[in-house]
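The values are calculated or read from the model by the stated rules, or taken from the named source; none is laboratory data. Since this is a predicted model, take the numbers as computed values, not measurements. Using ideal geometry, Cβ is built from the backbone for each residue, glycine included, and neighbour counts are taken over all protein chains shown.
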Amino acid sequence: MVATTARPGPLVGEGMHKYTALIALALRLGDLFALVGAASLAYGYRFGHFDLPVAYQSTVARAVLLALLVFGSSSIYRSWRGMSLSLETTRIAALWFAVFALGVAYIVLFKLQGGATSRLWWGVWFAATFAGSIAMRIVLRGAAAWVRAQGLDLRTAVVVGAGNDANRIVHTFGNNRWAGIDIRGWFDTPSDRSQLQDVPHLGSVGGLAAYVERHQINQVWIALPMSAQEQINDILDALDHSTADIKFVPDLFGLQLLNHSVDQVAGLPVINLRASPLDGNARLLKAAEDRLLAALILVLIAPLLATIALMVKLGSPGPVLFRQKRHGLDGKIIEVWKFRTMRVHAEEDGKVTQATRNDPRITPIGRVLRRSSADELPQFFNVLQGTMSIVGPRPHALAHNHQYKDEVENYMQRHRVKPGITGWAQVNGLRGETDTVAKMAARVEYDLYYMQNWSLWFDLRIIVMTVFKGIGGKNAY
């Protein structure tokens, strides 16, 4: 984790502002060009000419407005210095998915003429738009790398300290030149017992302020233990008149953190080591996402739900829905709904027997439902009810929680958010029977990663992955 002190940003040169602004402008215009150009190309692919009818032109115009709204409200056009291409690709995919999903929802809800547009055109349009956006970013990254190779648009930095964290900083930026961070050297402190070998030694920390001012250094990275509070204060005082960014890398890498951040409580500076990732605006945003998507999905799958309910009822005696108590947000007991996939049977008190391969309790239709995950569809009603989310850690049986909370580290931290119909663990193949502690620990690790990195776009990414790869699987039985 890297926390940045609340200090003014560097007074960088005109060249840095110019290149950053040009790249941001090129990205904004390029995304719109990709959207409109892909629509025309997709129409030519589908119909053999490029004369788009009014219905198609209106659909493209609405998509442009939605793109301006969705992309403009995101942080995608901020400096991506230090962001990997894979992470940017994921965010772009989520943003375009949101744009196209909103476009389809608008047409469906208002019964517009665009509903008669070609489904193949929509598919090719989406794929071509996404491909165009990514291709443009690859080209711009190459151009930015060339610019930085010429010594332009770089951020200069120095490191204070010589421990493991200081080595990590130097090696990270040395191996990732595309980040544009040029480490000029390091300063030692009285407590240092080692040397940094890959960058020049610039002297003791007493000369730091003069060096930063003389060479117009943009960033100072402090890599000292948290116990060195007095030294850190002395460094901040010495740099009091500097406009360089001052970044502190605390020695927290060995801790299991959750939604770590810097905050203030009643004016007191606080580092959150473990907190709910969905507070305030984030909680409202996720609630709106859940309700809107769940309502839309239930409207679309209503005929499928009725068909499955009839097949379950005719397949074996018993109720259509299976209701089971699970732990929800903050560990509160909730009732989760599923289509019944097993013959009615009795369990011993406090015992929950997980389904296994060739389990005789599973009905024929139940086996199909479990393989396809269609038995989970009634949980969209749980989402509307507010007890579940579409994306989140899967809810486990109460007996499993009591068993694994003492066997798997940080197991109960999963309950800091609402349980989900699908999750990061499930789309990465961790679904089905958890017959060993190792399997459950792996699932919990993915759940905690999701909670630590939650965003609306991460949710949309998981939903898309669920549609394309999260349905069924070799462990679903």
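What are the residues in segment 50-79 that are at pLDDT 90 or above and of a type in the set (Phe, Trp, Tyr), if any?
Phe50, Tyr56
So is Met388 modelled with pLDDT of 90 or more, more than 30 Å from the chain's Cα centre (by Cα) and not hydroxyl-bearing (Ser, Thr, Tyr) or not?
The answer is no for Met388.
Taking segment 391-433 as the search range and keeping residues that are charged (D, E, K, R) and either part of a helix (DSSP H, G or I) or within 18 Å of Asp290 (Cα to Cα) (or both), which one is modelled with the lowest pLDDT?
First, pick out the residues of segment 391-433 that are charged (D, E, K, R): 394, 405-407, 409, 414, 416, 418, 431, 433.
Then drop every residue that is not either part of a helix (DSSP H, G or I) or within 18 Å of Asp290 (Cα to Cα) (or both), which leaves 394, 414, 416, 418.
Values: Arg394: 91, Arg414: 86, Arg416: 83, Lys418: 92.
Top of the filtered list is Arg416.
Please determine whether any residue of segment 208-226 is among the small types (Gly, Ala, Ser), closer than 20 Å to Leu239 by Cβ, free of Cβ contacts under 8 Å to residues at least 24 places away in the same chain and out of contact with any Pro (no Cβ under 9 Å at 6 or more places or on another chain).
Yes, segment 208-226 contains at least one residue that is among the small types (Gly, Ala, Ser), closer than 20 Å to Leu239 by Cβ, free of Cβ contacts under 8 Å to residues at least 24 places away in the same chain and out of contact with any Pro (no Cβ under 9 Å at 6 or more places or on another chain).
So for segment 338-347 (the condition being within 32 Å of the chain's Cα centre (by Cα), under 26 Å from Ala442 (Cβ atoms) and modelled with pLDDT of 90 or more), does at least one residue qualify?
Yes: segment 338-347 contains one or more residues that are within 32 Å of the chain's Cα centre (by Cα), under 26 Å from Ala442 (Cβ atoms) and modelled with pLDDT of 90 or more.
In the set Ala228, Ala209, which member is modelled with pLDDT under 85 and aliphatic (A, V, I, L, M)?
Ala228
Within segment 355-365, can you find the residues that are modelled with pLDDT under 85 and surrounded by 14 or more Cβ atoms within 10 Å (Cβ to Cβ)?
Answer for segment 355-365, where residues must be modelled with pLDDT under 85 and surrounded by 14 or more Cβ atoms within 10 Å (Cβ to Cβ): Ala355, Asp359, Ile362.
Would segment 173-187 turn up any residue that is over 34 Å from the mean Cα position of the chain (by Cα), free of Cβ contacts under 8 Å to residues at least 60 places away in the same chain and assigned to a loop (DSSP other than H, G, I, E, B)?
no
Does segment 16-37 contain at least one residue that is within 17 Å of the chain's Cα centre (by Cα), at pLDDT below 90 and of a type outside the set (Asp, Glu)?
For segment 16-37, residues within 17 Å of the chain's Cα centre (by Cα), at pLDDT below 90 and of a type outside the set (Asp, Glu): absent.
Looking at Ala302, Ala282, can you tell me which residue is at pLDDT 90 or above and outside any loop (DSSP other than H, G, I, E, B)?
None of the other options fit; the residue is Ala302.
Being within 21 Å of Pro250 (Cα to Cα), surrounded by 20 or more Cβ atoms within 10 Å (Cβ to Cβ) and either in contact with a helix residue (DSSP H, G or I) (Cβ under 8 Å, 6 or more places away or on another chain) or of a type in the set (D, E, K, R) (or both) is the filter here; which residues of segment 166-180 pass it?
Listed by number, the list holds a single entry, Phe173.
Does at least one position in segment 83-101 carry a residue that is among the acidic types (Asp, Glu), at pLDDT below 85 and buried (at least 19 other Cβ atoms within 10 Å of the Cβ)?
Within segment 83-101, none of the residues are among the acidic types (Asp, Glu), at pLDDT below 85 and buried (at least 19 other Cβ atoms within 10 Å of the Cβ).
In segment 181-214, which residues are surrounded by fewer than 17 Cβ atoms within 10 Å (Cβ to Cβ) and of a type in the set (S, T, N, Q)?
If the condition is that a residue be surrounded by fewer than 17 Cβ atoms within 10 Å (Cβ to Cβ) and of a type in the set (S, T, N, Q), then Ser191, Ser194, Gln195, Gln197, Ser204 are the ones that fit.
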